[in-house]
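S.K.: Structure in structure tokens, see below.
The values are calculated or read from the model by the stated rules, or taken from the named source; none is laboratory data. The structure presented is a predicted model; accordingly, all values stated were derived computationally and were not measured. So basically every Cβ, Gly included, is an ideal-geometry build from the backbone, and we count neighbours across all protein chains shown. Each accessible area value is taken on the protein alone, full model and side chains, heavy atoms only, with ligands, DNA and RNA left out. Shrake-Rupley method; radii C 1.70, N 1.55, O 1.52, S 1.80 Å.
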Amino acid sequence: MEIPKRPAPPSGLRRTLFRLPVHLYRMGLGPLFGDRFLLLEHVGRASGEPRQAVVEVVEHTGDDYIVCSGFGPRADWYRNLLKTPRATVQVGRGRFAVTARPLDAEEGGELMIRYAPRHPRATARLLRYMGFIVDGTKDDYRRVGRELPFVRLSRVR
């Protein structure tokens, strides 16, 4: 695996395009995303104001949703969850409270190994966009998963 250059989180027009799914959720079209994506409502770490981001679900088991910060630890939503781990998610039409817990690098590596074969085209596009050059082996995916921060969002009962 190689990482020639990691991109910064999007700004300007790219940020506007990346935020388009948030607006679709606000318009009531969240069910279009099924359970592959979720709307994460969290608290800004500096402002204390409510914030929203749409993130891809890497894995879903029971009451847990695992998501990944493709832009690494610099992504605002990730940094906000580290400060205030209580949040709300919307998956399809369902909304519920969650608690966020960052996962360690080893768990991230194993998650990436499981994710890649389930979504091979998306994996290839996302990793290329994120600046990773991989050969498609489990070892490469494991290394990528160790580089990216994963978060477990556990439903609050």
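S.K.: With the structure loaded, tell me whether Arg45 is open to solvent by less than 90 Å² (accessible area, probe 1.4 Å), assigned to a loop (DSSP other than H, G, I, E, B), more than 17 Å from Tyr129 (Cβ to Cβ) and charged (D, E, K, R) or whether it fails that test.
M.R.: Details: open to solvent by less than 90 Å² (accessible area, probe 1.4 Å): yes; assigned to a loop (DSSP other than H, G, I, E, B): yes; more than 17 Å from Tyr129 (Cβ to Cβ): yes; charged (D, E, K, R): yes.
Here the answer is yes, as Arg45 does meet what is asked.
S.K.: For the stretch 140-157, give me each residue that is surrounded by fewer than 16 Cβ atoms within 10 Å (Cβ to Cβ) and at pLDDT below 95. If you could, list the steps in order and put the result at the bottom.
M.R.: Residues of the stretch 140-157 surrounded by fewer than 16 Cβ atoms within 10 Å (Cβ to Cβ): 155-157.
Within the stretch 140-157, Arg157 is the sole residue that qualifies.
S.K.: Take the residues in the stretch 51-65 that are in contact (Cβ under 8 Å) with a residue 12 or more places away in the chain and β-branched (Val, Ile, Thr); name whichever of them is farthest from Thr16 (Cα to Cα).
M.R.: Ranking the candidates gives Val58 first.
S.K.: If you don't mind, another one. Does the stretch 64-94 hold any residues that are over 24 Å from Arg142 (Cβ atoms), modelled with pLDDT under 95 and either surrounded by 21 or more Cβ atoms within 10 Å (Cβ to Cβ) or in contact with a Ser or Thr (Cβ under 7 Å, 6 or more places away or on another chain) (or both), and which are they?
M.R.: none
S.K.: Another question, then. Scan the stretch 48-63 for residues that are surrounded by 13 or more Cβ atoms within 10 Å (Cβ to Cβ) and more than 14 Å from the chain's Cα centre (by Cα) and report the count.
M.R.: In the first step, residues of the stretch 48-63 are kept if they are surrounded by 13 or more Cβ atoms within 10 Å (Cβ to Cβ); the result is 51-60.
Of the ones still in play, those that are also more than 14 Å from the chain's Cα centre (by Cα) are 51.
Residues that pass the stated criteria total 1.
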